[in-house]
2 protein chains.
Amino acid sequence: MKRISEPTVGRLSMYLRVLRQLEREPVSTVSSEELARRVGTTAAQVRKDLSFFGTFGTRGRGYDVADLIAALRRILGLERSWGVALVGAGKIGAALFGYRDFERQGFHIQSVFDIDPHKIGQHWGELRVRGDDELEDALLSEGIEIVIIAVPAEAAQAVTDRVVRAGVRGILNFAPVNLEVPDWLALKNVNMAMEMEGLSYALASRGRGGRTGADKRSA
Amino acid sequence: MKRISEPTVGRLSMYLRVLRQLEREPVSTVSSEELARRVGTTAAQVRKDLSFFGTFGTRGRGYDVADLIAALRRILGLERSWGVALVGAGKIGAALFGYRDFERQGFHIQSVFDIDPHKIGQHWGELRVRGDDELEDALLSEGIEIVIIAVPAEAAQAVTDRVVRAGVRGILNFAPVNLEVPDWLALKNVNMAMEMEGLSYALASRGRGGRTGADKRSA
């Protein structure tokens, strides 16, 4: 399999999201032009992105929605479920725990950890929030593959180091800090403050009469 | 002012974050090498990014931390405060409302809207959650410049259309959907599910023996 760039993977996610909407409408085939329009890219880009994975679609007829959904799910690793732990039971942690899209896509949060004695022992759905002293043992014994870090910035690197030592392979980081991780670990950052600053940059630079590099279609 | 690419703006945000950490340590000057190391890029990239905005730093001595913070705040539009409204008082909305980094950076959430009768009238801090029938009037009369959209995917485009008609210039979108907006509007998307799919892609493709395009330093 060829190396696929991160922006391409991001577009594959967007195609999948649009295809699921189409399936619900219900629509059974879609052209590269229509898929491009809904995602905010070009038909040529759609065809190029999907060409990485073999031939989908029929000339003049478009892509079969159900087939393309199945293929994208396989490519993105969504045809299986992933064991996920959440570290940080604050407001962001609670929002992520209740985020239906994670569960729907096979990301099953099966453990929640915090250091706050008031939070430890709380029941979140069928889970009990556990103390961070149980972190390494739980990660190892429960086969956790992905950890969501939702702790304050100043605590994030220490949590990361512990998670790395426990052999976790993927981290989704919500702390506004640049984590240092080994090469073999997959790390994604969700930085809401940075996105907000991208907005204020765009608005302020327009106000100054400058052009902006803000990309309306960014994800 | 030259056009600045979106990745550059993102790195400026990261430099600012690291510089604030340095200021707290406290450190008063920093080299491009050290700044690069903490952000996860190269010294050449740091120098190139900062060269857009004139000359900072002294050869052989590095950048003055306080001066560079002031310059980045000005560039990113953070030396003023922004009027922000939040549409969607669910779990994600509540987490964003409590997100201290927004307030700290001048993004002041001054109105919250929802359509749920059980949420309308709730007190969030000093605010009262209002019904969406008040949305347009409030946006216009309160000088709201940025709207955070934290509603379900199926409701997001309709909210966007209303916000656009009310003249709002910037949207931070948390709904997992590609919004259609006019060219003059600045839009940023925070798509947690997409980041998670980037992780599962990276893990699954490694498991398949393929290389991965996941970028550890992505933000």
Q | The one condition in (1) more than 10 Å from chain B (Cβ to nearest Cβ); (2) surrounded by fewer than 19 Cβ atoms within 10 Å (Cβ to Cβ); (3) hydroxyl-bearing (Ser, Thr, Tyr) that A:Thr8 fails to fulfil | A | (1)
Q | Scope region A:84-99; condition more than 10 Å from chain B (Cβ to nearest Cβ) and at negative phi; matching residues | A | A:Ala85, A:Leu86, A:Val87, A:Ala89
Q.
Condition (residue is without any contact (Cβ under 8 Å) to a residue 12 or more places away in the chain, surrounded by fewer than 19 Cβ atoms within 10 Å (Cβ to Cβ) and part of a loop (DSSP other than H, G, I, E, B)) applied to region A:123-130: is it met by at least one residue?
A. yes
Q: Report whether or not A:Pro182 is under 24 Å from B:Leu72 (Cβ atoms) and open to solvent by 20 Å² or more (accessible area, probe 1.4 Å).
A: no
Q) Looking at (1) in contact with a strand residue (DSSP E or B) (Cβ under 7 Å, 6 or more places away or on another chain); (2) open to solvent by 10 Å² or more (accessible area, probe 1.4 Å); (3) facing another protein chain (nearest Cβ under 7 Å), can you tell me which one A:Ser81 breaks? A) (3)
(Q) Quick check on my filter: what residues within region B:155-173 are within 9 Å of chain A (Cβ to nearest Cβ) and open to solvent by 10 Å² or more (accessible area, probe 1.4 Å)? (A) B:Arg169
Q: Tell me, yes or no, whether region A:89-99 has at least one residue that is in a strand (DSSP E or B), modelled with pLDDT of 95 or more, closer than 25 Å to A:Ala186 by Cβ and touching a strand residue (DSSP E or B) at 6+ places or on another chain (Cβ under 7 Å).
A: no
Q) Could we say that A:Arg38 is at the interface with another protein chain (Cβ under 7 Å from one of its Cβ atoms) and either more than 26 Å from B:Ser205 (Cβ to Cβ) or basic (Lys, Arg) (or both) here? A) yes
Q: Kindly establish whether A:Leu172 is part of a helix (DSSP H, G or I), touching a residue at least 24 places away in the same chain (Cβ under 8 Å) and either over 24 Å from B:Leu16 (Cα atoms) or within 17 Å of the chain's Cα centre (by Cα) (or both).
A: no
Q. Could you count how many residues in region B:63-78 are within 10 Å of chain A (Cβ to nearest Cβ), open to solvent by less than 30 Å² (accessible area, probe 1.4 Å) and not in a loop (DSSP other than H, G, I, E, B)?
A. 2
**Q.** Lone qualifier among B:Ile148, B:Ile144 - being touching a residue at least 12 places away in the same chain (Cβ under 8 Å), in contact with a helix residue (DSSP H, G or I) (Cβ under 8 Å, 6 or more places away or on another chain) and farther than 23 Å from B:Leu16 by Cα
**A.** B:Ile144
Q) Among A:Arg17, A:Arg24, which is the only one that is free of Cβ contacts under 8 Å to residues at least 24 places away in the same chain and more than 7 Å from chain B (Cβ to nearest Cβ)? A) A:Arg24
Q: State whether the residues of region B:100-119 include one that is open to solvent by less than 60 Å² (accessible area, probe 1.4 Å), more than 17 Å from the chain's Cα centre (by Cα) and within 14 Å of chain A (Cβ to nearest Cβ).
A: no
Q | Residue within region A:18-35 that is at pLDDT 90 or above, within 30 Å of A:Ile146 (Cα to Cα) and not in a helix (DSSP H, G or I) present | A | no
Q: Check A:Phe102, A:Phe113 and return the single one that is farther than 30 Å from B:Leu22 by Cβ and of a type in the set (Phe, Trp, Tyr).
A: A:Phe102
Q. Would it be correct to say that A:Leu140 is open to solvent by less than 40 Å² (accessible area, probe 1.4 Å) and farther than 21 Å from B:Ala193 by Cα?
A. no
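The values are calculated or read from the model by the stated rules, or taken from the named source; none is laboratory data. Source: prediction; values computed, not measured. FYI the Cβ positions are ideal-geometry reconstructions off the backbone, even for glycines, and counts take in every protein chain you see. Ligands, DNA and RNA are stripped out before the accessible areas are found, and what is left, the full protein with its side chains, is counted by its heavy atoms. Shrake-Rupley method; radii C 1.70, N 1.55, O 1.52, S 1.80 Å.
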